[in-house]
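Undergrad: One structure, as structure tokens, below. Some questions next.
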Amino acid sequence: MSEASLHERLRALGLAGAADGLDDLVSLATKKRWGVTQIFEHVADIEERDRTRRGLERRLSRSKLGRFKTIADYDWNWPTKIDRSLVEAAVGLHFLGGARNVVLVAPQGLGKTMIAENIAHQAIVAGHSVLFITAAKMLLDLGGQETSRALERRLAYYAKQSLLVLDEVGYLAFDNRNADLLFQVVSRRYERKSLVLTTNLAFKEWSTIFPNAACATALIDRVIHHADVVNIEGKSYRLREAEDAAAAKATTKTKTKK
């Protein structure tokens with residue numbers, strides 16, 4: 001049998017890693033004079049590594065996470081208030097085992113989304129199914145379903161993820177329909193699957209974005225019942241960067257004139 005034919009048969013059997021590395025495998029086995037057992041052990045190693053890689057790529061693609069800054073780049077000294085140990089525990093996924101939630105509460109520009117992205121990425125690397133999405137985008141998706149059956153399928157989709165990361169809750173007000181949809185997602189995950197939620201509003205202010213106080217209270221109750229709440233305070237980091245850039249530009253302009 002030719003190597004080309006064996007390559008195709010390996011692929012047909014789902015042994016893509018072994019198929020792609022066939023030439024190297026044959027050369028290595030010949031050079032080291034491997035026996036049958038050693039060859040099969042090497043094939044198993046190749047397949048395990050390849051499937052791990054493909055699984056990670058698949059989970060990353062399905063998560064919709066996109067590019068992000070790593071937690072190593074986070075400036076811990078910038079916020080005036082942050083519980084670093086609690087954040088690091090969240091990034092370490094300590095909350096996942098007990099179906100707990102993580103809520104990141106901070107004004108704009110203090111890195112709550114960055115932290116949430118890092119939590120999501122670590123969960124993906126650990127083998128969990130993850131979905132990272134803004135609250136507005138999720139509700140637009142759910143609200144666009146034309147039949148009750150289609151809506152049920154989408155609700156089940158959001159409920160089944162090992163980790164759902166809802167970004168930017170509080171940036172837009174919710175009408176009765178959207179408040180109900182958000183409540184359904186949270187309720188279906190309650191005490192079953194973990195949720196990471198970022199918001200720019202303290203919980204006492206949630207009544208300003210929901211149709212009524214009872215609705216806000218019911219949602220908050222389910223979100224924080226089993227949750228680690230990280231409150232971050234301080235001045236916007238992005239605003240600082242903009243001010244620094246403007247100052248640098250002004251300095252350069254002054255030097256040029258001289």
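The values are calculated or read from the model by the stated rules, or taken from the named source; none is laboratory data. Predicted model, so just to flag it, every value in this text is computed and none were measured. In this analysis, Cβ positions are derived from the backbone assuming ideal geometry, glycine residues included, and neighbour counts consider all displayed protein chains. Ligands, DNA and RNA are excluded from the accessible area calculation, which covers all protein heavy atoms including side chains. Shrake-Rupley method; radii C 1.70, N 1.55, O 1.52, S 1.80 Å.
Undergrad: Counting only residues that are in contact with a strand residue (DSSP E or B) (Cβ under 9 Å, 6 or more places away or on another chain) and assigned to a loop (DSSP other than H, G, I, E, B), which one in the range 169-189 is farthest from G92 (Cα to Cα)?
TA: Once the filter is applied, the top-ranked residue is Y171.
Undergrad: Could I ask something else about it? Sort out which residues of the range 136-162 are among the polar types (S, T, N, Q) and open to solvent by less than 60 Å² (accessible area, probe 1.4 Å), and write them in order of number.
TA: Passing the criteria: Q145, Q161, S162.
Undergrad: So if I check each of R53, R11, which one is part of a helix (DSSP H, G or I), open to solvent by 100 Å² or more (accessible area, probe 1.4 Å) and modelled with pLDDT under 80?
TA: R11
The rows are residues; the columns are (1) open to solvent by 20 Å² or more (accessible area, probe 1.4 Å); (2) of a type in the set (S, T, N, Q).
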{"position": "A29", "(1), (2)": "no, no"}
{"position": "G35", "(1), (2)": "yes, no"}
{"position": "I39", "(1), (2)": "yes, no"}
{"position": "A44", "(1), (2)": "yes, no"}
{"position": "R62", "(1), (2)": "yes, no"}
{"position": "T80", "(1), (2)": "yes, yes"}
{"position": "M114", "(1), (2)": "yes, no"}
{"position": "N118", "(1), (2)": "no, yes"}
{"position": "Q122", "(1), (2)": "yes, yes"}
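Undergrad: Right, next: Taking the range 64-75 as the region of interest, how many residues are open to solvent by 40 Å² or more (accessible area, probe 1.4 Å), among the hydrophobic types (A, V, I, L, M, F, W, C) and part of a loop (DSSP other than H, G, I, E, B)?
TA: Here the count works out to 1.
Undergrad: Given the residues D141, D83, D75, which is the only one that is in contact (Cβ under 8 Å) with a residue 40 or more places away in the chain, touching a helix residue (DSSP H, G or I) at 6+ places or on another chain (Cβ under 8 Å) and acidic (D, E)?
TA: After ruling out the rest, the residue left standing is D75.
Undergrad: Need pairs with beta-carbon distance below 8 Å; first residue more than 16 Å from W206 (Cα to Cα) and within the range 172-188, second of a type outside the set (V, I, T) and open to solvent by 60 Å² or more (accessible area, probe 1.4 Å); sequence gap 6+ or separate chains.
TA: Between residues of the range 172-188 that are more than 16 Å from W206 (Cα to Cα) and residues that are of a type outside the set (V, I, T) and open to solvent by 60 Å² or more (accessible area, probe 1.4 Å), the close pairs are S187/R222.
Undergrad: Failed condition for N200, given (1) touching a residue at least 60 places away in the same chain (Cβ under 8 Å); (2) under 18 Å from the mean Cα position of the chain (by Cα); (3) closer than 23 Å to E88 by Cβ, with all others met?
TA: All conditions are met except number (2).
Undergrad: Just for helices (runs of 4 or more DSSP H) wholly inside the range 95-161: which have at least 3 residues that are over 16 Å from S63 (Cβ atoms)?
TA: Fully inside the range 95-161 and qualifying: 135-143, 148-160.
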